[in-house]
1. In terms of Cα to Cα distance under 18 Å, which aspartates and glutamates are near enough to residue 209, apart from those fewer than 8 places away along the same chain?
2. Work out the FRET efficiency for residue 295 and residue 567 from their Cβ-Cβ distance, taking R0 = 60 Å, and round it to the nearest 0.05.
3. So how do 76-89, 101-114 stack up, highest first, on mean other-Cβ count within 10 Å?
4. Expected output is a single nm value to one decimal: the length gained when fully extending between residue 95 and residue 261, i.e. 0.36 nm times separation in residues minus the C-alpha distance. What is it?
5. Any chance you could tell me what percent of the C-alpha pair distances in segment 157-215 go past 15 Å?
6. For a protection proxy built on the mean count of beta-carbon atoms within 10 angstrom, sort 54-62, 465-473, 482-490 highest first, please.
7. Peptides 26-35, 2-11, 238-247: what's the order by average Cβ count within 10 Å, highest mean first?
Amino acid sequence: MKLMVYIADLALSSTISYFAIRSYLRYAVRRQIFDIPNHRSSHTRPTPRGAGIAFAATFLIFAALLGLQHALQPRELIAVLTAAFVAGIGYWDDRSDLSIRKRLGVQLFASALVVACLANFHLPGQASASIPIIAILVCFEVLGITWILNLTNFMDGIDGIVAIEVVTVTTICAGIIIIERGLTITALLFALLDATVAPFLIFNWSPAKIFMGDVGSCFIGFTLGVVSLIAAAHHHLSLFCPLILLAVFICDATTTLLTRMLTGQRWYEPHRTHAFQILARHFSHSRVSGFIGLLNLIWLAPLAIAAEIDQAHGLIYAVIAFAPILLACRMLGVGNPNSAFILFVENRSGEAIFPIKSLNGSEAFMHQVFPSMQLVLIFIFSLTSAYAALLQHMYGPVSSTIHSAFVEVVVLWSVCQSLLLICFRLHRRYWRFASVEELPALAGISLLGSTFGALCASIFLGMRGIYLPRTTSLAIYVMEACLSILTLCGLRIFLGQITQTSRRFLRRTDKKPVLICSADMAGVSVLSELRLRYPEYHPIGFIDERPEVHGISICGLKVLGRQRDLKSVLRKYSVRHVFISEMMHQNLATDAIRRDCVAENVRLHIVSTVALEVA
């Protein structure tokens, strides 16, 4: 009897949600609540927005009814209804733009309230963990919920993408719980979210009639996080399951944000450099959204089911799920407005957005596939170093449980260390060159990565109730750090030699000698872009007004003189191009440099360090 009542509730909620969205569509058109397209939008015509308020209200009403039926505990009901704060601030932002501080403040408050209500939620071993570890886990939970709701908002950029994601994720989660536990309250919450959001897909599928807005995307992300925590608290579903199913959103949003932050872009401004946005310019919105839905069902769902069945190795399944998606994001050049895929996109007039030359097959391999192979090698070497260090200090036979925990620690250590190294790899100050001057910086970065990985590994072992002697832990850390430093620096030197040898065959023979003005960070950024993306240019050195840098080598190039020596340098090295960064354009005597270049028949370029555009 209760089963039939729940099924009727789900059918009724879906029907009410459909008519609520339909009514809101008429209301939005009448009140002129439109999303106006701009140069960073993925749509081309004004479209009503804010329909998320309809399915959010429907979900919250039916969740409250479940609480009145005593299906939900009071604290769990409060945690679920906290989504009203997130939906309210999202709808306010849709109607009148709010500052980031106000939105983030409400989101953090709502996330903290959820964690406080679900205080009985724990991971294995947390009951015996120390207070600092519990505090760290609580902070991770608050920040995790906040990040999930924001990344869902970031990914709401093309027709149907968020709706198809939440429908597939909630359907799979509800199905796993029903098969294992029956129709529990957590399965019902996933199914209720599925039932209320699914009708919106009818209106939002390409071409979209209406958008959900921030109210819908933030509400969906927040509610997914809350329901996942409730399911984990009841031991109905491990957290690895929803995390693996959200791998596409997590990888795309996280790598894009980190890339924009670490490359000096205004990461908080709207942009079109997400992976799904790049693909949507080559394919239709429906194809991209449909592909993500199929990816969830074909690739991520089996891994999520495996992680749920074999929870002891859930971290390994998560790594398997995330690795190819992260690699695909890297090859697409997410977060980089000058990526190889974006460069081939044309605007309506048919002219290229960025006036630079396209890459042939060999150069595309050098600039896209080869760096991705480096990241894979870095993870392999990090995994090998951590395993060798741990194996060296394991004496005698160990139980299968301890061995399984150590395997997960090695993987976790390697993942955390590699993520930190990848962050530095994304920054233009590092890893663009293989010169000897970089080795101290690379060694320091590797040591920092080892420290971060060791910290995460120690927290994980503490959660499992496994404690190693302090001397053993220190010995493992020191050995792993030494191995990581040696392997990373050796890998960079080896790959640098391979790169230089390969470019002799891949580059054209008519390389253009280039001189760069200013040997500071602006000049190094220009050199970085030239070496990475423009193999036909051959930088031969810098000119700089500072006497203390004359004659020294910076990133493998010497400072050849001052501005007054420009003419002699141009003649001596047969320079054909001179580059000045926009950042230094006001600080240098550009007119004098231009006169010298005109006198020697040399082209002068004033370029941006983000997208190398010729002025």
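Read the figures in this text as sums done on the coordinates, not as results from a lab. Since we're looking at a predicted model, the values are computed, not measured. Cβ coordinates were reconstructed from backbone atoms using ideal geometry, including for glycine residues, and neighbour counts include every protein chain displayed.
1. 35, 94, 156, 159
2. The calculated FRET efficiency here is 0.55.
3. For the peptides 76-89, 101-114, the packing ranking is 76-89, 101-114.
4. Contour length minus Cα-Cα distance gives 57.0 nm.
5. 50
6. So the peptides 54-62, 465-473, 482-490, ranked by packing, come out 54-62, 482-490, 465-473.
7. 238-247, 26-35, 2-11
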